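The values are calculated or read from the model by the stated rules, or taken from the named source; none is laboratory data. Please read all numbers here as calculations on a predicted model, not as lab measurements. Here the Cβ positions follow ideal geometry from the backbone for every residue, glycine too, while neighbour counts run over all protein chains shown. Ligands, DNA and RNA are excluded from the accessible area calculation, which covers all protein heavy atoms including side chains. Shrake-Rupley method; radii C 1.70, N 1.55, O 1.52, S 1.80 Å.
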Amino acid sequence: KQRFNISALCQEALEMAITIEELKTQVAEDENLVQRLQSEKKVLLNKVRQEGFELGIRSSAKLSYKDFRHFERVQSLAASLDEDVLDYLWNYLNQKDYPEPARHLDADFAYLLEVDPSCRISFAQGWMDGVLSVWQTIKTQVDTAQ
């Protein structure tokens, strides 16, 4: 104990702690970093939604008239989906015999859906938008053909 200069050690530790906190604060307050990350997040969520939209279009061929009418009716609820929605979507597509290989996702993309609830929700909302875009295209023809 006597060989250590306690005062100097405490001063050095305190200076290091202050420096670390100043660096953390500087990085956290850096508006460019925050803006860049917000922009990246927005781009990523748009890509996730687009992937869901494209799957919605592709999987529409397996849907029935009743399915399309159902999704049209519940469209307003898409804004309040929860993070479990992707499990429901996969189960639904399984029931419709939509082949799993046809919904294969890139490994990084699939991982993102696993770890980020907002991505799962955005993907499912995109899927519903894709389904409804197909329905809007054919709805008049379906309803007038008798």
### Task
Working only within region 43-72, note down all residues that are open to solvent by less than 50 Å² (accessible area, probe 1.4 Å) and of a type in the set (Val, Ile, Thr).
Val48
### Task
Please work out which one of (1) touching a residue at least 40 places away in the same chain (Cβ under 8 Å); (2) open to solvent by less than 80 Å² (accessible area, probe 1.4 Å); (3) of a type in the set (A, V, I, L, M, F, W, C) is the condition Val85 fails and give its number.
(1)
### Summary
Note on Ile138: of the conditions (1) modelled with pLDDT of 90 or more; (2) open to solvent by 90 Å² or more (accessible area, probe 1.4 Å), unmet is (2)
## Note on the structure
Of the conditions (1) among the hydrophobic types (A, V, I, L, M, F, W, C); (2) over 22 Å from Phe123 (Cα atoms); (3) touching a Ser or Thr at 6+ places or on another chain (Cβ under 9 Å), the single one that Leu9 does not satisfy is (3)
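Residue under question is Ser76, and the condition is that it be touching a Ser or Thr at 6+ places or on another chain (Cβ under 9 Å) and under 21 Å from Val134 (Cα atoms); does it hold?
Values: touching a Ser or Thr at 6+ places or on another chain (Cβ under 9 Å): no; under 21 Å from Val134 (Cα atoms): yes.
Here the answer is no, as Ser76 does not meet what is asked.
Out of all the residues in region 1-42, which are outside any helix (DSSP H, G or I) and either touching a Gly at 6+ places or on another chain (Cβ under 9 Å) or open to solvent by less than 100 Å² (accessible area, probe 1.4 Å) (or both)? First the steps, then the outcome.
Restricting attention to region 1-42, the residues satisfying the condition of being outside any helix (DSSP H, G or I) are 1-5, 30.
Correct list: Asn5, Asp30.
Go over the candidates Phe123, Phe68, Phe53 one by one and state the one that is within 12 Å of the chain's Cα centre (by Cα) and assigned to a helix (DSSP H, G or I).
On the way: Phe68 fails: within 12 Å of the chain's Cα centre (by Cα); Phe53 fails: within 12 Å of the chain's Cα centre (by Cα).
Matching residue, one of Phe123, Phe68, Phe53: Phe123.
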### Task
Mind listing whichever residues of region 57-88 are farther than 26 Å from Glu114 by Cβ and of a type in the set (Gly, Ala, Ser)?
Ala61, Ser64, Ser76
### Tally of residues being open to solvent by less than 50 Å² (accessible area, probe 1.4 Å), outside any loop (DSSP other than H, G, I, E, B) and either modelled with pLDDT under 90 or of a type in the set (Lys, Arg) (or both) across region 91-116
6
### Task
Return the pairs, sorted by first residue and then second, in which the second residue is not in a helix (DSSP H, G or I), the first residue lies in region 108-133 and is of a type in the set (A, V, I, L, M, F, W, C), the beta carbons are less than 8 Å apart, and the residues are 6+ apart or on different chains.
Leu113/Leu105; Ile121/Leu81; Ile121/Asp82; Ile121/Glu83; Ala124/Leu81; Val131/Leu63
